[in-house]
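Participant: Mind looking over this structure? Questions follow.
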Amino acid sequence: MGRQREFDVEQALDAALCMFWRKGYEGTSYTDLTQATGVERPGLYSAFGNKEALFRRAIERYFTHYLDYFPAALERPTSREVVEDIFRGAVELHTRHPDRPGCLGIHGALAGSDDAEPIRQALVEARAKGEVMLRDRFERARQEGDLPPSANSAVLAAYVMTVLHGMAVQAKAGFSRDMLEAITEHALTTWLGSGSQAAGWSS
């Protein structure tokens, strides 16, 4: 009969997630993980596999527990409300924890070594899925008359994702919540309204 684990797997996963969020995938060592989780390396291997597998579990948990505002925002009645909820949710998340500002997913997708390429690519693909969800939501808004007929849903989705990523990077660099909220307000002033036209947003 196998020996039972003497630690809470969910608590260990949360601790690993926070460490990855703070230091990035490549910046996090096994020593960091064992210190954060209180679990020695053999225990981590047994529960999660290698470091890459542990990070993949952590990022899944991050998407579920921290990015839940994104799918919720897609249910808002207008495209502007969708964008506003996404931006404000991101600002709150990026500044919620002073010891780990920004976004785990965005920082992990930035350039790294060849060994980390599978992780970077997985995060790029996850980001692309979010962009597709936004594009589809904006296309529905265009069909419903919430956006002008000439609105380019793909460009609008790319724009929102670009602002989100920029805010994550700037939060990591020390931007305050007030500054990120001001950026949100400015971005919202450019959003297309029903029947409006704006250069650069059309097909």
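Participant: Pick from GLY49, GLY27: which is within 21 Å of the chain's Cα centre (by Cα) and exposed (fewer than 15 other Cβ atoms within 10 Å of the Cβ)?
Facilitator: GLY27
Participant: State all residues of segment 74-95 that are touching an Asp or Glu at 6+ places or on another chain (Cβ under 6 Å) and under 23 Å from SER176 (Cα atoms); if no residue qualifies, say none.
Facilitator: VAL91
Participant: In the set PRO118, PRO148, which member is in a loop (DSSP other than H, G, I, E, B), over 21 Å from CYS18 (Cβ atoms) and modelled with pLDDT under 95?
Facilitator: PRO148
Participant: List the pairs whose first member sits in segment 35-64 and is under 17 Å from LEU104 (Cα atoms), whose second member is hydroxyl-bearing (Ser, Thr, Tyr) and open to solvent by less than 70 Å² (accessible area, probe 1.4 Å), and whose Cβ atoms are under 6 Å apart, counting only residues at least 6 apart or on separate chains?
Facilitator: Correct list of pairs: PHE55/TYR25.
Participant: Show me the helices (runs of 4 or more DSSP H) entirely contained within segment 1-73 in which 3 or more residues are among the small types (Gly, Ala, Ser).
Facilitator: Counting at least 3 such residues, we get 9-23, 41-48.
Participant: For segment 166-192: of the residues being open to solvent by less than 30 Å² (accessible area, probe 1.4 Å) and in a loop (DSSP other than H, G, I, E, B), which is farthest from GLU92 (Cα to Cα)?
Facilitator: Per the criteria, the residue is LEU192.
Participant: Has segment 130-149 got at least one residue that is surrounded by 15 or more Cβ atoms within 10 Å (Cβ to Cβ) and within 16 Å of GLU60 (Cβ to Cβ)?
Facilitator: yes
Participant: In segment 115-165, how many residues are among the β-branched types (Val, Ile, Thr), closer than 21 Å to HIS94 by Cα and free of Cβ contacts under 8 Å to residues at least 60 places away in the same chain?
Facilitator: Counting residues in segment 115-165 that are among the β-branched types (Val, Ile, Thr), closer than 21 Å to HIS94 by Cα and free of Cβ contacts under 8 Å to residues at least 60 places away in the same chain gives 2.
The values are calculated or read from the model by the stated rules, or taken from the named source; none is laboratory data. Remember, it's a predicted structure, so these values are computed and weren't measured experimentally. Note: ideal-geometry Cβ built from the backbone for every residue, glycine included; neighbour counts use all protein chains shown. We work out accessible area using only protein heavy atoms, side chains counted, and drop any ligands, DNA or RNA first. Shrake-Rupley method; radii C 1.70, N 1.55, O 1.52, S 1.80 Å.
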